[in-house]
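For reference, the structure is listed below as structure tokens.
Nothing in this text is a laboratory measurement; each read-out follows from the coordinates by a stated rule. These numbers were taken from a predicted model, which means no experiment stands behind them. Don't worry about glycine lacking a Cβ; one is built from the backbone with ideal geometry, like all the others, and counts go over all protein chains shown.
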Amino acid sequence: MLKGSGRCEARAFAPASVANVAVGFDLLGYAVPGVGDTVTVRRIDTPEVRISAIRGTAVALPTDAPRNTAGAALIALRDALSLPFGFEIEIDKGIPLSSGMGGSAASCVAALVAANALLDAPLSREQLYLYALDGEAVASGSRHGDNLGPMFLGGLVMSTLERLVPVAVPDAWHSLLVHPDAQLETRRARAALQGTYELKEFVAQSTNLALVLAGCHAGDAGLVRAGLADVLVEPRRAPLIVGFDAAKQAALDAGAMGASISGAGPSVFAWFETRLAAEAAAADVQAAFAAAGFGSQAWVTPLNSPGAALL
């Protein structure tokens, strides 16, 4: 049964991600391919988007398409392109819920990549990104692409509301991502950011972002070490994460260029100059969470890692 693009069903995988990267709130992120979501999309004759199954989670997620990130993204795609057909979606969750690893974004991105393969005239990843922003807004209440960009392109990406900008990173640099067995709902984490900020905080954060970006482009770990510290958001969110301070310090003591909260938390990330250093640090960071009463999972991946792909 072939129609249009030559297929009526497609399946795609989107990796987890680390958003914010300490210095780039709602702007900077990178892909973590060790875990992710898989979405199957079928092209259907009726002009609607429906979700027929969500697997891999003990918590009931919305199957009403407008209230689901994957469903909302495909609705935006359908409406924008005035498609005469619709989509049916099946979601297999692989990213822990409320983990700070981009779970809602991954379902959204995988759905768009799969649906794109069913279009008569497929779009670029940059074009798909604009519809993914509509999906992400369903989960977080705001349009931001720091999870979405790296899932589409892979690697470290700066994502504005209009464009995706890949950031060069040395191949040897690796990420350690540790997820404690705890949840922190994104909206609660964003609520912690309400209040007043001083101008000097914005100046310090801008300085750190500039140092990190310059260090990445130059392959200069010293610049990254000088800048990979969140003085704006982390101080307001860290109290929500039991064991965070000890976990971060364990990463720094193990030689990390920097460490902070992944996305909204409670996961913690750290950057290292080599895979061996990242692997050696994993046990110490996990031990810090264990001392706080939490088991955890750890992933060591290159900062230059692939994004979403058709299966």
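Considering only the stretch 115-173, state which residues are of a type in the set (A, V, I, L, M, F, W, C) and part of a strand (DSSP E or B).
Residues satisfying the conditions are LEU156, VAL157, MET158, LEU164, VAL165, VAL167.
Condition check for ALA70 on (1) touching a helix residue (DSSP H, G or I) at 6+ places or on another chain (Cβ under 6 Å); (2) outside any helix (DSSP H, G or I): one failure, at (2).
With respect to the conditions (1) in contact (Cβ under 8 Å) with a residue 40 or more places away in the chain; (2) more than 21 Å from the chain's Cα centre (by Cα), ARG11 lacks only one, and its number is (2).
Looking only at strands (runs of 3 or more DSSP E) that fall completely inside the stretch 1-63, which ones have 3 or more residues that are of a type outside the set (A, V, I, L, M), out of contact with any His (no Cβ under 6 Å at 6 or more places or on another chain) and surrounded by fewer than 18 Cβ atoms within 10 Å (Cβ to Cβ)?
In the stretch 1-63, the matching strands (runs of 3 or more DSSP E) lie at 49-55.
List every residue pair whose Cβ atoms sit under 8 Å apart, with the two residues 6 or more apart in sequence or on different chains, where the first one lies in the stretch 214-228 and is free of Cβ contacts under 8 Å to residues at least 24 places away in the same chain and the second, anywhere, is not in a helix (DSSP H, G or I). Correct list of pairs: ALA214/ASP220.
The rows are residues; the columns are (1) out of contact with any strand residue (DSSP E or B) (no Cβ under 7 Å at 6 or more places or on another chain); (2) among the basic types (Lys, Arg); (3) within 19 Å of ALA308 (Cβ to Cβ).
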{"site": "ARG7", "(1), (2), (3)": "yes, yes, yes"}
{"site": "ARG11", "(1), (2), (3)": "no, yes, yes"}
{"site": "VAL18", "(1), (2), (3)": "no, no, yes"}
{"site": "ALA22", "(1), (2), (3)": "no, no, no"}
{"site": "PHE25", "(1), (2), (3)": "yes, no, no"}
{"site": "ASP64", "(1), (2), (3)": "yes, no, no"}
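Filtered by the rule that a residue be within 22 Å of PRO66 (Cα to Cα) and either in contact with a Cys (Cβ under 8 Å, 6 or more places away or on another chain) or surrounded by fewer than 23 Cβ atoms within 10 Å (Cβ to Cβ) (or both), the stretch 145-158 gives a lone residue, LEU148. Selection of the stretch 180-204 for residues being outside any loop (DSSP other than H, G, I, E, B) and touching a Phe, Trp or Tyr at 6+ places or on another chain (Cβ under 8 Å) yields only PRO180. Between VAL224, VAL231, the distinction of being closer than 16 Å to GLY24 by Cβ, assigned to a helix (DSSP H, G or I) and in contact with a helix residue (DSSP H, G or I) (Cβ under 6 Å, 6 or more places away or on another chain) belongs to VAL224 only.
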